[in-house]
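Before any comments, here is the structure.
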Amino acid sequence: MAAHLKKRVYEEFTKVVQQQEEIATKKLRLTKPSKSAALHVDLCKAASPADALQYLLQFARKPVEAESVEGVVRILLEHYYKENDPSVRLKIASLLGLLSKTAGFSPDCIIDDAINILQNEKSHQVLAQLLDTLLAIGTKLAENQAIQTRLVEVACKHLTDTSHGVRNKCLQLLGNLGSLEKNVTKDAEGLTARDVQKIIGDYFSDQDPRVRTAAIKAMLQLHERGLKLHQTVYNQACKLLSDDYEQVRSAAVQLIWVVSQLYPESIVPIPSSNEEIRLVDDAFGKICHMVSDGSWVVRVQAAKLLGSMEQVSSHFLEQTLDKKLMSDLRRKRTAHERAKELYSSGEFSSGRKWGDDAPKEEIDTGAVNLIQSGACGAFVHGLEDEMYEVRIAAVEALCMLAQSSPSFAEKCLDFLVDMFNDEIEEVRLQSIHTMRKISNNITLREDQLDTVLAVLEDSSRDIREALHELLCCTNVSTKEGIHLALVELLKNLTKYPTDKDSIWKCLKFLGSRHPTLVLPLVPELLSTHPFFDTAEPDMDDPAYIAVLVLIFNAAKTCPTMPALFSDHTFRHYAYLRDSLSHLVPALRLPGRKLVSSAVSPNITPHEDPSQQFLQQSLERVYSLQHLDPQGAQELLEFTIRDLQRLGELQSELAGIADFSATYLRCQLLLIKALQEKLWNVAAPLYLKQSDLASAAAKQIMEETYKMEFMYSGVENKQVVIIHHMRLQAKALQLIVTARTTRGVDPLFGMCEKFLQEVDFFQRCFIADLPQLQDSFVDKLLDLMPRLMASKPAEVVKILQTMLRQSAFLHLPLPEQIHKASATIIEPAGESDNPLRFTSGLVVALDVDATLEHVQDPQSTVKVQILYPDGQAQMIHPKPADFRNPGLGRHRLITQVYLSHTAWTEPCQVEVRLLLAYNSNARIPKSSWIEGGEVSPQVETSIEGAIPFSKPVKVYIMPKPARR
Amino acid sequence: MPEIRVTPLGAGQDVGRSCILVSIAGKNVMLDCGMHMGFNDDRRFPDFSYITQNGRLTDFLDCVIISHFHLDHCGALPYFSEMVGYDGPIYMTHPTQAICPILLEDYRKIAVDKKGEANFFTSQMIKDCMKKVVAVHLHQTVQVDDELEIKAYYAGHVLGAAMFQIKVGSESVVYTGDYNMTPDRHLGAAWIDKCRPNLLITESTYATTIRDSKRCRERDFLKKVHETVERGGKVLIPVFALGRAQELCILLETFWERMNLKVPIYFSTGLTEKANHYYKLFITWTNQKIRKTFVQRNMFEFKHIKAFDRAFADNPGPMVVFATPGMLHAGQSLQIFRKWAGNEKNMVIMPGYCVQGTVGHKILSGQRKLEMEGRQVLEVKMQVEYMSFSAHADAKGIMQLVGQAEPESVLLVHGEAKKMGFLRQKIEQELRVSCYMPANGETVTLPTSPSIPVGISLGLLKREMAQGLLPEAKKPRLLHGTLIMKDSNFRLVSSEQALKELGLAEHQLRFTCRVHLQDTRKEQEMALRVYSHLKSTLKDHCVQHLPDGSVTVESILIQAAAHSEDPGAKVLLVSWTYQDEELGSFLTALLKKGLPQTP
């Protein structure tokens, strides 16, 4: 063992040396024999099976290169034959599977051996593992028809094994590799034209539930691979719905769903009657029945799938909400029906008599059907389920079905409204969102609105805001409804003043949607009187502003409304139009000039001109290659300015304009740095000027990171260009350092590193190299052998000339590009009262920010606190603190804990958001690494953070602790 | 003939005094031991003399099972165990064990102290009785003795309510007690696995009702309370101390929490505090929401609900008060009601059913002027609301449970006869399961066909399994072996092993049969024809033609011989061992049909 260790250490050592002096490809060749040889030695030395197992486990932790896989496989197989211990054989078998997955290795050479050892194997576990290995091989060689059929043969043969594990794997194999097109197999061989579906179907009635599940899963796998399942599967699957085991039922529900999507229109008979119904309806009924299954896993599964069955006939769909009530055998109306009737009869809900809900008509005892055949009341049950997972799934399903059927949407409204009172907040939130999604199809009745509005008092901010958004897009039927909504919203405002913005926004939409309903309310709302002047309301009152927002937005489409305004209303209008322009629209007011001229910048029918402008200015810049430097600089400067202005004017082009402007700025910096007059001056004199060049290099680096990570929608083509720019910046840095430092030693390391980076660049973007014709890196790679051999000083010289000569690369613009941005809403940074707390203890600061176009904010967005003493603190918000209210939009609501030692007086700390990045993220990883050692990368990952929000100042005051 | 016998001593076509006797495979089990609320004489307790006239009950009962702590399910327990005399085990769940004595003590106090009854059980008896209790966990299989085992399932209804499976050998009975199939604010829904009992004894309180969604009821309740307190009115909710009261508390508590309300809620003290204490302890028995959140906060540690003091009733401003008892017939709830009845801003919400004659019943039926004692007339100006919160399964729920458990037959108890009739008919029609509804004292006898387990040696099983080609799970298979019955257990072993175990020598048993065939050809030729015939018909078997002229099929020997009398006929001698009886008789039958005429 010691000797072995020593050998390994020695190997490692030599490897390191190799790395530093040779290029990477050579290193691979050197490790190849050592890998398999070492394994061989290890295994031969292993005294006991346990030892051998240890070696194998160790071996599995390290990656194997594609070239050496075959050698390793041979050795493993050789040991396999000799090995008596099943656990070692098992491990070898699993290693074979793992190895055959290695990229760049074609496993067809080991398939014979694998099948061979399969035939002689006795242990069931090893058999199962071997079949797994075959599955890995088979999926790798998906094109090879002969091998596929052969593997299927093998699987069929082992299907009769007594162990469930083996049968499982066989079915899995069949599901993954079973031939899809019949014609292919037919002309191949008569024997293999087996019907995979039939074989798998036979195992639906296996004695082991695990095998039954595997059989259904295999069938689903076949479907996923594009094989059309037979309709006969449907009946088989229906039988499995009453299986004793939940995993079987759960899988069967899925299978039924799949078949119902395949054959929605075919007709199936109803057992014990002569009627026939569409298959999709039948399946729908069956899945509905599973919503009251004994196992909640099945219930969730069933409820989820219901949502995606859109072809179901409407009367079936509506049954899901129907539950015939009775009391003492007399028909009873549901509370919903009663509410509706009260509403339509024009009476206000009395609901105060005992026996108001007293049952009326007698029911014929024979006609009552307690076990509903079909869909009856499925959603009623689902929404009342014990587990909130089921309830959420049911709400989601309701949402999907309601989106596709307006009449169903109308009917499910009552149930959704009821869910607003669920005990679990997640469910409430989900149902509010659902309601918002279907709000186009519905109009709320007054009594429903009443229930909806009651939720406005909820103490959870998320719920309230979701409800505001719901109200934004709700249709209200009467003016009383509008009034009610306004009153409740104002109540909400007084109770939770922080909801101000959200409520104003909500009223804006409410007003613009219902101008005619608002009109009769105006005198009351503004409390104007026909004869008397009333007192002028306080302009700073948020409630008054809320009322005005509602009225002004309604007035936009209702020209008669301004006649009802009193004088001060007009004054307030002018004020609000300026201060809250996003909430108050431009109005045509009688007798006044239109306050804002008719220019409506948002509605440009053709956005082509600006797009064209952008394209043209970029074209102009890219043609600049051979201009004189002075002109080029000026052109770049102009274009950057233009682009920035364009970005400000045209919000939809902002991302693209910013992106290109940044790129151009990098180029400009580079040109400027290279144009320094004093490049040729001797080193000592040069020191001062180098500041500019090195600063430029640094800035380019920063800008490239921004370009790479701050924009969403950046594609690979852009990444190449960005990396290329970064490479140029690094070259520049190298040159500058070479000129400013004395001595050769540090330079050695830097050159080495730079060359490694070039190499890395080449490896990463090998596919994109052709598009970099004539560029810096193109030339660099041509000269690579020479650079490798030459001394640092020479390298620097070459680089310098190449930098000057290299062409300006055209940056292809992506289709959709957006700059990530963030705005901190809270803390607002206006408070003069410092946040006081005892030093040494913590104070919680609420942070509320909106993030736009940030991908995966949970892992990238951080909060930074800068204390006046320069101390910085980085905080990672919890993933749960991020909400996703809309596409590309995120909201961060979190608490940040501050602490500091005592100060003598209050001071401001800065809060800002950072976007963290990791340059490794874009580099593909090899599949082999199992969390063990990472193969030595040339470029270590660079992590950093870009600030992307305006800093907000918070006044704090840590007091000294009292004794 | 083995059978299961069930006799309800109470709760047969009736609500109250639940007590059901079950005899299963020679074991006698008593399910529940309750009192009847409607009677104050001997009829309030089950008639235990049915079990035995003299002597202790212990000799006749193997165990007693109590499903939950409601008095109509456990009220007669001290009387039964201490006064009649029973020393065997009493099984109940932990929460039931904890809360049951509180309720019994309360019941005793009312009966003895208030009504002055003599010959009632004493506090000491309650204590002694509770010492005989064995507590069980959910899904824990408890061996009562070597054969009898019981297992508890969750039943919802009230804290600690359980359904019990009673099992002897392969025969089993499930008793549901009271249960609820829809979850409420503090308890989950009843659940049972597919245990396929011979008999399911289920309650049927709401046999003819299908209930509306609970959400509407809850919403209405909350809305009414909220509106009243916003108007500045006071709300009185008369409740019984345990069960629904906790649900309503949780409901109001969470609502207050959600809506950030500050109006005080009071709960009249007494029983409730003790009970709430147990609710706090038995979190695992509550619903998903409470179980999930109790790490942050135990939902039964009410933030908004405080203990009530008599003086608070006169405080100005809005408030909500829970007060006992639930029917407004006496005690604190009635006192508060009298104080508040005059103000139309106030409200009283009756969350449950009220017995005729109580104040609760009067106001619910719309009476506005009440005559109180001392000829006072109380004018009721406050609003009166009725809100039903019941925790029994409705007709659909019962059907659902029956569907889940898949019993062979169903027996209905704890319900009114007329309603049971309807449900019984439905169960028989729709589930095709026989259904019974015995009255008190009436015995139902169910024949059972218990399956007898037989042990088989692995070697034999594997050998026989290997002969089949495809595993057909549902199909019966023929198997050769020897059944050994020894010391009341059964074993199936291979015949060799049986011989070895019994120390017997093996006897060869051969059957020989002669088949006469009309054929003039020679024996040799004859044998050859037989060979080719069998070869073509029996493809799966090994048919050989031996050099001595005989034909073998597996171990069966066929020889052709000349007929001694009739030269035109030949005799085929067929001989087989008894193991090959099947094949042998098949062959003889085949040969008797004659050989095909060769062209």
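Residue-wise test of (1) assigned to a helix (DSSP H, G or I); (2) of a type in the set (A, V, I, L, M); (3) modelled with pLDDT of 90 or more.
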{"residue": "A:MET539", "(1), (2), (3)": "no, yes, no"}
{"residue": "A:TYR544", "(1), (2), (3)": "yes, no, yes"}
{"residue": "A:ALA563", "(1), (2), (3)": "yes, yes, no"}
{"residue": "A:PHE570", "(1), (2), (3)": "yes, no, no"}
{"residue": "A:TYR575", "(1), (2), (3)": "yes, no, no"}
{"residue": "A:LEU587", "(1), (2), (3)": "no, yes, no"}
{"residue": "A:LYS593", "(1), (2), (3)": "no, no, no"}
{"residue": "A:SER596", "(1), (2), (3)": "no, no, no"}
{"residue": "A:PRO601", "(1), (2), (3)": "no, no, no"}
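Given the structure, is A:GLN699 open to solvent by less than 10 Å² (accessible area, probe 1.4 Å) and part of a helix (DSSP H, G or I)? No; evaluated as a whole, the condition is false for this residue. Restricting the search to the stretch A:412-438, which residues are in a helix (DSSP H, G or I), more than 14 Å from chain B (Cβ to nearest Cβ) and surrounded by 20 or more Cβ atoms within 10 Å (Cβ to Cβ)? A:GLN430, A:THR434, A:MET435, listed by residue number. A:ALA394 meets each of the listed conditions (1) touching a Gly at 6+ places or on another chain (Cβ under 7 Å); (2) of a type in the set (Gly, Ala, Ser); (3) modelled with pLDDT under 85 apart from (3). When B:SER449 is tested against the conditions (1) hydroxyl-bearing (Ser, Thr, Tyr); (2) open to solvent by 40 Å² or more (accessible area, probe 1.4 Å); (3) farther than 30 Å from B:ARG5 by Cα, the lone failure is (3). The residues of the stretch A:169-196 that are modelled with pLDDT of 85 or more and either over 18 Å from A:ILE115 (Cα atoms) or within 14 Å of chain B (Cβ to nearest Cβ) (or both), listed by number, are A:CYS170, A:LEU171, A:GLY175. I want to confirm something. Restricting to the stretch A:73-98 and keeping residues that are touching a Pro at 6+ places or on another chain (Cβ under 8 Å) and buried (at least 17 other Cβ atoms within 10 Å of the Cβ), which single residue is modelled with the lowest pLDDT? Taking the candidates together, the pick is A:GLU83. Report whether or not B:ASP146 is more than 14 Å from chain A (Cβ to nearest Cβ) and either basic (Lys, Arg) or assigned to a loop (DSSP other than H, G, I, E, B) (or both). Spelling it out, B:ASP146 is indeed more than 14 Å from chain A (Cβ to nearest Cβ) and either basic (Lys, Arg) or assigned to a loop (DSSP other than H, G, I, E, B) (or both).
Filtering the stretch B:342-355 to residues that are within 38 Å of the chain's Cα centre (by Cα), assigned to a loop (DSSP other than H, G, I, E, B) and within 14 Å of another protein chain (Cβ to nearest Cβ) leaves B:PRO351, B:GLY352, B:TYR353, B:CYS354. May I ask you to verify whether B:VAL235 is part of a strand (DSSP E or B), within 14 Å of chain A (Cβ to nearest Cβ) and surrounded by 23 or more Cβ atoms within 10 Å (Cβ to Cβ)? Yes: the conditions hold for B:VAL235. Remark: B:GLY317 falls outside the filter, which requires a residue to be within 30 Å of the chain's Cα centre (by Cα), at positive phi and away from every other protein chain (no Cβ under 14 Å). Scanning the stretch B:284-305 for residues that are crowded, with 17+ Cβ neighbours inside 10 Å and part of a helix (DSSP H, G or I) returns B:TRP285, B:GLN288, B:LYS289, B:ILE290.
Only residues that are at pLDDT below 90, among the aliphatic types (A, V, I, L, M) and under 30 Å from B:CYS195 (Cα atoms) were counted in the stretch A:245-282, giving 1.
When the residues of the stretch B:149-168 are filtered to those that are not small (Gly, Ala, Ser) and not in a strand (DSSP E or B), the one that is surrounded by the fewest Cβ atoms within 10 Å (Cβ to Cβ) is B:LEU159.
Filtering the stretch B:169-216 to residues that are part of a loop (DSSP other than H, G, I, E, B), facing chain A (nearest Cβ under 10 Å), over 20 Å from B:GLY243 (Cβ atoms) and out of contact with any strand residue (DSSP E or B) (no Cβ under 9 Å at 6 or more places or on another chain) leaves B:LYS194, B:SER213. Among the residues of the stretch B:531-545, those that are in contact with a strand residue (DSSP E or B) (Cβ under 7 Å, 6 or more places away or on another chain) and assigned to a helix (DSSP H, G or I) comprise B:TYR531, B:LEU534, B:LYS535. Taken over the stretch B:87-116, the criterion of being within 30 Å of B:ASN54 (Cβ to Cβ) and in contact (Cβ under 8 Å) with a residue 40 or more places away in the chain is satisfied by B:ASP87, B:GLY88, B:PRO89, B:ILE90, B:TYR91, B:MET92, B:TYR107.
Selection within the stretch A:455-495: residues that are more than 11 Å from every other protein chain (Cβ to nearest Cβ) and not in a helix (DSSP H, G or I). The member of this set that is surrounded by the most Cβ atoms within 10 Å (Cβ to Cβ) is A:THR474.
The values are calculated or read from the model by the stated rules, or taken from the named source; none is laboratory data. Owing to the predicted nature of the structure, the values given are computational and were not obtained by experimental measurement. Neighbour counts run over all protein chains shown; Cβ positions are idealised from the backbone, glycine included. Calculation scope for accessible area: heavy atoms of the full protein, side chains included, ligands and nucleic acids excluded. Shrake-Rupley method; radii C 1.70, N 1.55, O 1.52, S 1.80 Å.
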